[in-house]
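The values are calculated or read from the model by the stated rules, or taken from the named source; none is laboratory data. Please read these numbers as outputs of a predicted model, since none were measured by experiment. We place every Cβ from the backbone using ideal geometry, glycine too, and count neighbours over all the protein chains shown. What goes into the accessible areas is simple: the full protein's heavy atoms, side chains included, and nothing from ligands, DNA or RNA. Shrake-Rupley method; radii C 1.70, N 1.55, O 1.52, S 1.80 Å.
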Amino acid sequence: MKPLIQAFHDKTTGTVTYVVYEKDGTDCAIIDSVLDYDPKSGRTSTASADLVVDFVRAHRLNTAWLLETHAHADHLSAAPYLSRQLGGRTGIGAEISVVQQAFARVFPQRPGIERSFDHLFQPDEDFAIGALRARALHVPGHTPADMAYQIGDAVFVGDTMFMPDVGTARCDFPGGCAATLYRSVRKLLALPPQTRLFMCHDYPPAGREARWEVTVAEQNEKNIHIRAGVTEQQFVEMRTKRDATLEMPVLILPAIQVNISAGQLPEAEENGVRYLKIPLNAF
Ligand SMILES: [Fe+2]
């Protein structure tokens, strides 16, 4: 089955949000939504999320799922806002508990954080989006909890690989592992060659427009980090060397503390203002 897929590309963070559905008037899933956040002013906005809301309403879709491929470090999730506007159950990989625990030493955990997502997917768990059949694939490496969602002939690969000329995701966050990512990507690239892969991000090199869709065949042929023939040892060496040169993502501290509790913002303090916390010298 070939689902319909609408992509929303957020230029600020390079994130692509997807609405996946069978046809107008059916159930849909929204994957990896973005709450706009300006770190200079501390201001949030729902401008990006509202484009998704408008699309879902215009196509008379019923939002069944608000899926996250992982706890993102580069943007805040808009899942709570979308859930209020459109309904839908939030879902992420069951290993999110490992990520929540890894950050417990720096970010005070909100009570009941382990229940902040409506659904935790087990590896290879089957689920439905209306008449569309879907499967949650556990693809750890970038983080322990990364999932890819296989929906008909399409797979939403999260932060495993990027477009062929960009390569793969970093593996140096807590619980990340380059060898594990290699095996996860190999599993995805063993799918039928014409399988459509949808990236969670694109960081296009100068002179190329942003793109986010590619086939398994093209990744196997051209991916600069992990095309067919690259060994696990070669990949791990390349990835480890490269990760040592990367800076922390600009929004990692704001994003992680919100995203490990399904995008819920901190409660307001006595003065009515919500605060994000920046741990000093913890990383
Ligand atoms: Fe990520």
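So for each of 66-77, 218-229 I average, over its residues, the number of other beta carbons within 10 Å; can you give me the resulting order with the highest mean first?
66-77, 218-229
Roll a 1.4 Å probe over the protein chains and send me the accessible area per residue for region 161-203 in Å².
Dividing the accessible area of region 161-203 by its residue count gives 34 Å².
Just subtract the alpha-carbon distance of Val230 and Ala128 from 0.36 nm times their residue separation and send over the number in nm, one decimal.
Full extension of this stretch gives 33.2 nm more.
Listed highest first by mean packing, meaning other Cβ atoms within 10 Å per residue, what order do 203-215, 248-260 come in?
248-260, 203-215
Could you rank the peptides 264-274, 84-94 by their average count of other C-beta atoms within 10 Å per residue, with the highest value first?
84-94, 264-274
After finding the eigenvalues of the alpha carbon gyration tensor for region 1-116, what semi-axes result from the square roots of 5 times each, listed largest first in whole Å?
26, 18, 12
Determine the shape class of region 105-237: with a ≥ b ≥ c the square roots of the Cα gyration tensor eigenvalues, call it rounded for a/c under 1.5, and otherwise prolate if a/b is greater than b/c, oblate otherwise.
It comes out oblate by the Cα gyration axes.
For the chain, go through all pairs of different Cα atoms, get the mean of 1/r, take its inverse, and jot down that Kirkwood value in Å.
By the Kirkwood definition, the hydrodynamic radius is 19.1 Å.
Using 0.36 nm per residue, how much length does the chain from Ser45 to Glu221 gain when fully extended, once their Cα-Cα distance is taken away?
Fully extending the segment from Ser45 to Glu221 adds 59.4 nm.
Whole-Hz ³J(HN,Hα) for each residue in region 133-149, computed from phi via Karplus 6.51 cos²θ - 1.76 cosθ + 1.60 with θ = phi - 60°, x for glycine and proline: what do you get?
8, 9, 9, 8, 9, 7, 10, x, x, 5, 9, x, 9, 4, 10, 10, 10
Output the pairs from Lys2/Lys187; Lys187/Lys222; Lys23/Lys187; Lys11/Lys40 with a Cα-Cα distance over 24 Å in this structure; if there are none, say none.
Long pairs (Cα-Cα over 24 Å): Lys23/Lys187.
Check which residues have an amide H placed less than 5 Å from Thr15's amide H, if you skip close sequence neighbours.
Asp10
With a 1.4 Å probe and every protein chain kept in, tell me what percent of the accessible surface of region 78-173 is carbon plus sulfur.
Carbon and sulfur: 48 percent of the exposed surface of region 78-173.
What shape does region 98-153 have by the C-alpha gyration tensor, where a ≥ b ≥ c are the square roots of the eigenvalues, rounded means a/c under 1.5, and otherwise prolate means a/b greater than b/c and oblate the rest?
Oblate.
Given a 1.4 angstrom probe, what's the average accessible area per residue across region 13-78, in square angstrom?
Normalised by residue count, the accessible surface of region 13-78 is 34 Å².
I want the local charge near Val99. Using Cβ-Cβ distances under 12 Å, sum +1 for each Lys or Arg and -1 for each Asp or Glu among the other residues.
-4
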